[in-house]
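Okay, so here's the structure we're looking at.
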Amino acid sequence: WQDLEEAVEYARSEGATRIVLSGQSMGGAIVLAYLYRQPPDLVSAVVLDSPSLDLSANVDLAAGRERLPGGIPLPPTLTALAIFMSSVDSGANFDLMNYVKRDGQLVTETLVFHGTEDETVPIETSRRLAEDRPQFVTLVEFEGAGHTESDDQDPGRYTSTLVAFVNANS
């Protein structure tokens, strides 16, 4: 988010008055990390595609596909332990990387694209963001699309929605 902060500052120093940020997957997390730390008037609008809004939810989704010997699903306690150990080992703050939990800070017009068959980032996090902040967040789901594949699923719908949103908010 610090690199994004510098890019926005540079754009403003060069005369930009309206800034639209875009982020795919982890880039969506970077955009929100930046937004949650800055005055809301610096950015006009945000476009996110399959955004990583809750790192713990991403880990849970991936762990749900894994099996122990004998085909036994990984127990949720094992996943929770792995998240805890990762936090201790790396110093990562998973709670701070839950942008849905902190969505009360989101006051920027935001368009979210998300495929219903995303196996990397759970669509439920985008749905929760849209449900929690309906005055700011528009969620557009693409039936059958995987991770960051919404534009491949229906390029015309994706592009027309994007153009209309940017024109209305910049």
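The values are calculated or read from the model by the stated rules, or taken from the named source; none is laboratory data. Since the model is a prediction, treat every value here as computed from it, not as a measurement. With ideal geometry, Cβ positions are generated from the backbone for all residues, glycine too; neighbour counts draw on all protein chains shown. When the accessible area is computed, the model is the full protein with side chains, heavy atoms only, and any ligands, DNA or RNA have been set aside. Shrake-Rupley method; radii C 1.70, N 1.55, O 1.52, S 1.80 Å.
Pairs linking a residue in the range 104-129 that is of a type in the set (Gly, Ala, Ser) to a residue that is at pLDDT 95 or above and not in a loop (DSSP other than H, G, I, E, B), with Cβ atoms under 6 Å and 6 or more positions apart or on different chains, are Gly115/Phe142; Gly115/Ser150; Ser126/Val112; Ser126/His114; Ser126/Leu139. For the range 133-145, indicate whether the set of residues that are outside any loop (DSSP other than H, G, I, E, B), within 16 Å of Leu53 (Cβ to Cβ), touching a His at 6+ places or on another chain (Cβ under 8 Å) and of a type in the set (Ser, Thr, Tyr) is non-empty. No, that holds for no residue. Annotation for the range 46-56: no member residue is surrounded by fewer than 19 Cβ atoms within 10 Å (Cβ to Cβ), modelled with pLDDT of 70 or more and part of a loop (DSSP other than H, G, I, E, B). With respect to (1) at negative phi; (2) at pLDDT below 95; (3) out of contact with any strand residue (DSSP E or B) (no Cβ under 7 Å at 6 or more places or on another chain), the lone exception for Ser160 is condition (2). Among the residues that make up the range 130-139, is at least one of them modelled with pLDDT of 95 or more, open to solvent by 70 Å² or more (accessible area, probe 1.4 Å) and under 16 Å from Ser56 (Cβ atoms)? There is no residue in the range 130-139 that is modelled with pLDDT of 95 or more, open to solvent by 70 Å² or more (accessible area, probe 1.4 Å) and under 16 Å from Ser56 (Cβ atoms).
Go through the range 108-132 residue by residue and tally those that are more than 29 Å from Asp41 (Cα to Cα) and part of a loop (DSSP other than H, G, I, E, B). Qualifying residue count for the region: 6. Return yes when Pro122 is touching a helix residue (DSSP H, G or I) at 6+ places or on another chain (Cβ under 8 Å), open to solvent by 60 Å² or more (accessible area, probe 1.4 Å) and modelled with pLDDT of 65 or more and no when it is not. No: the conditions fail for Pro122.
Exactly one residue out of Thr148, Thr161 is more than 14 Å from the chain's Cα centre (by Cα) and among the polar types (S, T, N, Q), and it is Thr161.
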